[in-house]
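**Q** What follows is a single structure, and I will ask about it in a moment.
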């Protein structure tokens with residue numbers, strides 16, 4: 001038998017096992033609980049919810065306006 | 001492991017600065033390389049497009065014939081621009097979300113240089129007549145070992161950051177990034193082994209080829225693109241994603257369904273009917289993840305569209321996210337046999353492919369680079385005018401491209417299905433649409449040149465210095481969270 005078959009089926013098995021393991025791990029470790037907190041995990045005290053973190057150079061708008069955009 | 005963790009007690013701005021600084025050399029190397037290949041691929045795109053309506057254009061040299069220029073355009077955009085911009089973004093995102101310094105910095109920089117060598121060598125091979133003629137895998141077989149080796153380094157860096165992460169929760173973007181770094185090397189190695197290892201021949205080769213080619217978009221560019229949108233959209237707006245539950249449902253259903261869709265490219269071909277039907281079913285099931293993403297992105301943006309005037313990043317990623325919705329629904333419908341009867345082998349398919357790779361993924365990568373680069377260099381972008389030229393050139397170019405070839409493709413398909421219309425008449429009737437394609441290409445090229453100037457100025461530190469080392473322009477937005 002061509003040895004490439006062993007590589008192909010080996011990788012298929014590895015890939016499948018990894019995907020299933022990932023899902024089982026996610027469920028068991030609580031990743032699928034408390035979605036609200038998960039969504040907030042990218043914010044912190046210095047870049048909190050409510051802060052826009054990107055602007056044109058000089059804080060301009062696309063129309064060339066500057067200043068407070070609150 | 002040298003994925004040194006930043007201190008738990010450090011203020012957020014400090015750890016962000018530390019993480020961004022650790023990414024600087026590898027990520028800049030990938031971004032600069034990506035933009036070089038974007039320009040190179042654009043020149044080849046224009047050449048190929050002009051040859052479609054003016055076949056005699058530069059036809060004297062065999063290395064500039066359509067059959068060589070077109071695959072070099074495709075491969076430089078896929079492996080040069082798209083993959084290198086994607087890897088740069090992936091590394092930065094994974095470091096940010098894991099809150100650890102980027103490991104393997106030197107191997108990644110060396111890997112980037114070798115990747116450039118691979119794309120250059122593969123392109124020269126195609127231009128000199130040594131391409132493989134296997135679509136999306138035209139580089140000669142030998143180069144695949146080089147790319148596979150570099151993927152191992154990228155995968156290792158990603159896994160090292162994940163295992164050293166300081167955040168217990170795995171944010172949805174990290175799931176998508178995991179998908180990309182685990183799925184694509186698997187796809188790439190398998191496709192090369194099966195096709196170039198001579199195991200897959202005849203119709204099996206075609207099935208393998210399209211399983212691979214379709215999944216380059218679905219299991220490589222799509223997860224990186226969506227990971228980027230799921231991070232940058234809430235981060236730029238300053239409001240959490242509308243439904244985190246939907247975002248995770250979208251990831252796992254994409255993981256379940258996308259892999260099956262590739263054989264819809266062979267509708268009408270000499271394959272077992274069940275194999276093509278499986279591809280069609282997988283394609284239609286993609287309505288589920290795509291709807292979750294579309295609802296989530298729209299509801300997160302709702303009430304905040306005015307910020308498109310404020311943020312260059314937001315402009316590009318919102319346009320990219322909208323294109324994702326359109327191209328995905330279009331793809332699901334296109335897989336149906338009745339629709340495919342008309343659209344197969346027409347310019348409609350080319351419009352669809354570009355809406356995916358360009359309208360969605362490339363736009364998101366532009367947005368990502370606008371966000372990431374100032375945080376790596378501590379400099380502002382040098383010119384709002386060039387950013388606007390970039391946006392409008394690429395957005396209008398993509399719109400003209402998609403509308404022209406979609407409409408022209410439908411007319412072409414209907415005419416080809418009509419036995420009373422001579423084939424050459426069908427070709428003649430496509431001419432205006434092929435000219436619109438070249439016009440669109442010129443618009444996009446103008447945008448790319450503006451972007452390249454901006455990137456050059458950014459990484460040669462020509463922009464104004466930002467006040468904080470880790471902070472790009474930040475706008476206080478009272479009431480931003482609603």
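**Q** Just for the range B:201-232: of the residues that are surrounded by fewer than 21 Cβ atoms within 10 Å (Cβ to Cβ) and within 13 Å of chain A (Cβ to nearest Cβ), which one is nearest to residue B:139 (Cα to Cα)?
**A** Applying the filter and picking the extreme gives B:201.
**Q** Just checking, does the range B:372-379 include any residue being buried (at least 19 other Cβ atoms within 10 Å of the Cβ) and not in a helix (DSSP H, G or I)?
**A** Scanning the range B:372-379 turns up at least one residue that is buried (at least 19 other Cβ atoms within 10 Å of the Cβ) and not in a helix (DSSP H, G or I).
**Q** Can you give me the number of residues within the range B:430-471 that are at pLDDT 50 or above, assigned to a loop (DSSP other than H, G, I, E, B) and either under 25 Å from residue B:307 (Cα atoms) or in contact with a strand residue (DSSP E or B) (Cβ under 7 Å, 6 or more places away or on another chain) (or both)?
**A** 5
**Q** What pairs can you find where one residue is in the range A:29-45 and over 14 Å from residue B:231 (Cβ atoms) and more than 7 Å from chain B (Cβ to nearest Cβ), the other is at pLDDT below 90 and exposed (fewer than 11 other Cβ atoms within 10 Å of the Cβ), and their Cβ atoms are less than 7 Å apart, with a gap of 6+ or different chains?
**A** none
**Q** Turning to a different aspect of this structure: Would you point out which residue out of B:54, B:42 is at pLDDT 95 or above, over 30 Å from residue A:45 (Cα atoms) and crowded, with 19+ Cβ neighbours inside 10 Å?
**A** Numbers: B:54 fails: crowded, with 19+ Cβ neighbours inside 10 Å.
Sole residue among the options that is at pLDDT 95 or above, over 30 Å from residue A:45 (Cα atoms) and crowded, with 19+ Cβ neighbours inside 10 Å: B:42.
**Q** Another question, then. Which one of these is touching a helix residue (DSSP H, G or I) at 6+ places or on another chain (Cβ under 7 Å), within 15 Å of residue B:283 (Cα to Cα) and modelled with pLDDT of 95 or more: B:329, B:361?
**A** Sole residue among the options that is touching a helix residue (DSSP H, G or I) at 6+ places or on another chain (Cβ under 7 Å), within 15 Å of residue B:283 (Cα to Cα) and modelled with pLDDT of 95 or more: B:329.
**Q** Also: Within the range B:310-322, identify whether any single residue is over 22 Å from the mean Cα position of the chain (by Cα), surrounded by fewer than 17 Cβ atoms within 10 Å (Cβ to Cβ), within 14 Å of another protein chain (Cβ to nearest Cβ) and within 30 Å of residue A:59 (Cα to Cα), and answer yes or no.
**A** Looking through the range B:310-322, none of the residues is over 22 Å from the mean Cα position of the chain (by Cα), surrounded by fewer than 17 Cβ atoms within 10 Å (Cβ to Cβ), within 14 Å of another protein chain (Cβ to nearest Cβ) and within 30 Å of residue A:59 (Cα to Cα).
**Q** Then there's this: Can you tell me which residue in the range B:248-262 is farthest from the chain's Cα centre (by Cα), limited to those that are within 14 Å of residue B:171 (Cα to Cα) and more than 8 Å from chain A (Cβ to nearest Cβ)?
**A** Taking the candidates together, the pick is B:249.
**Q** Consider residue B:325 carefully, then state whether it is under 30 Å from residue A:17 (Cα atoms) and under 24 Å from the mean Cα position of the chain (by Cα).
**A** So residue B:325 fails the test.
**Q** Given the residues B:440, B:445, B:415, which is the only one that is buried (at least 17 other Cβ atoms within 10 Å of the Cβ), more than 14 Å from every other protein chain (Cβ to nearest Cβ), over 18 Å from residue B:348 (Cβ atoms) and in contact with a helix residue (DSSP H, G or I) (Cβ under 6 Å, 6 or more places away or on another chain)?
**A** B:445
**Q** Can you find a residue in the range B:149-163 that is assigned to a helix (DSSP H, G or I), touching a strand residue (DSSP E or B) at 6+ places or on another chain (Cβ under 6 Å), modelled with pLDDT of 95 or more and buried (at least 21 other Cβ atoms within 10 Å of the Cβ)?
**A** Yes, because at least one residue in the range B:149-163 is assigned to a helix (DSSP H, G or I), touching a strand residue (DSSP E or B) at 6+ places or on another chain (Cβ under 6 Å), modelled with pLDDT of 95 or more and buried (at least 21 other Cβ atoms within 10 Å of the Cβ).
**Q** Pairs, please: C-beta under 8 Å, at least 6 apart or cross-chain, first residue modelled with pLDDT under 90 and in the range B:6-25, second buried (at least 20 other Cβ atoms within 10 Å of the Cβ) and part of a helix (DSSP H, G or I)?
**A** The qualifying pairs are B:6/B:15; B:6/B:18; B:6/B:19; B:7/B:15; B:10/B:18.
**Q** In the range B:393-412, which residue that is without any contact (Cβ under 8 Å) to a residue 60 or more places away in the chain and more than 19 Å from the chain's Cα centre (by Cα) is farthest from the other protein chains (Cβ to nearest Cβ)?
**A** B:411
**Q** So which residues in the range B:186-200 are farther than 18 Å from residue B:138 by Cβ and surrounded by 21 or more Cβ atoms within 10 Å (Cβ to Cβ)?
**A** The answer is none; no residue qualifies.
**Q** Based on this model, can you work out whether residue A:10 counts as facing chain B (nearest Cβ under 7 Å), free of Cβ contacts under 8 Å to residues at least 60 places away in the same chain and surrounded by 10 or more Cβ atoms within 10 Å (Cβ to Cβ)?
**A** no
**Q** Still on this structure: Looking at the range B:125-148 only, could you name the residues that are without any contact (Cβ under 8 Å) to a residue 40 or more places away in the chain and either touching a helix residue (DSSP H, G or I) at 6+ places or on another chain (Cβ under 6 Å) or surrounded by 13 or more Cβ atoms within 10 Å (Cβ to Cβ) (or both)?
**A** B:125, B:130, B:140, B:143, B:146
**Q** Oh, and also: Quickly run through the range A:37-49 and pick out the residues that are in contact with a helix residue (DSSP H, G or I) (Cβ under 7 Å, 6 or more places away or on another chain) and either surrounded by fewer than 11 Cβ atoms within 10 Å (Cβ to Cβ) or not in a loop (DSSP other than H, G, I, E, B) (or both).
**A** Correct list: A:38, A:39, A:45.
**Q** Would you pick out the residues in the range B:380-391 that are surrounded by 16 or more Cβ atoms within 10 Å (Cβ to Cβ) and either in a helix (DSSP H, G or I) or away from chain A (no Cβ under 14 Å) (or both)?
**A** If the condition is that a residue be surrounded by 16 or more Cβ atoms within 10 Å (Cβ to Cβ) and either in a helix (DSSP H, G or I) or away from chain A (no Cβ under 14 Å) (or both), then B:384, B:386, B:387, B:388, B:389, B:390, B:391 are the ones that fit.
**Q** For residues that are free of Cβ contacts under 8 Å to residues at least 40 places away in the same chain and away from chain A (no Cβ under 11 Å), tally how many sit in the range B:164-198.
**A** Of the residues in the range B:164-198, 1 are free of Cβ contacts under 8 Å to residues at least 40 places away in the same chain and away from chain A (no Cβ under 11 Å).
**Q** Has the range B:202-210 got any residue that is outside any helix (DSSP H, G or I), over 18 Å from the mean Cα position of the chain (by Cα) and touching a residue at least 40 places away in the same chain (Cβ under 8 Å)?
**A** No, that holds for no residue.
The values are calculated or read from the model by the stated rules, or taken from the named source; none is laboratory data. All of these numbers come straight from a predicted model, not from anything done at the bench. Counting neighbours? That spans all protein chains shown, and the Cβs are built from the backbone with ideal geometry, glycine included.
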